[in-house]
Amino acid sequence: MCIDLGIDNDPISFSEAIDGDNFDEWLDVMKDELKSMTQIDVWDLMELLEGCKRVECKWVFKTKHDSHENIEYYKVQLVAKGFTKKMALIIRKHLHLLLRKILLELSWH
């Protein structure tokens, strides 16, 4: 049995994508993503107010393959950085509580 763990050789940074073999493809999809985000007004550019921190972001790269492992398309997403750990802890806590409740309910039946 073959299990796909979703492990690819996708770039993990902007620099890695631009320095890699498929830099033209990555650059094209990054331009398309930025154009799309601009068209739907995802953000407003403004001066940073005193005492405020800017939200940093990073590119996430994913190569999509067909069932024969041929590249179908390249996908990128521009995501905000800095909230991952905090959100993961919140999700983990609530998931744990939910699972515990379900298990308790099942044990009563």
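The values are calculated or read from the model by the stated rules, or taken from the named source; none is laboratory data. Keep in mind that what you see is a predicted model, and the values were worked out from it rather than measured. Positions of Cβ are backbone-derived with ideal geometry, glycine not excepted, and every protein chain shown enters the neighbour counts.
Whether any residue in region 44-58 is within 13 Å of TYR74 (Cα to Cα) and basic (Lys, Arg) is what I want to check. No, region 44-58 has no match at all. Residues in region 49-95 that are among the basic types (Lys, Arg) and either touching a helix residue (DSSP H, G or I) at 6+ places or on another chain (Cβ under 9 Å) or modelled with pLDDT of 90 or more (or both): 4 in all. Annotation note: Cβ proximity below 8 Å between a residue of region 41-53 that is assigned to a loop (DSSP other than H, G, I, E, B) and a residue that is of a type outside the set (Ser, Thr, Tyr) and surrounded by 10 or more Cβ atoms within 10 Å (Cβ to Cβ) (sequence gap 6+ or interchain) occurs for TRP43/MET37.
Residue count for region 66-76, restricted to those that are of a type outside the set (Lys, Arg) and surrounded by 13 or more Cβ atoms within 10 Å (Cβ to Cβ): 2.
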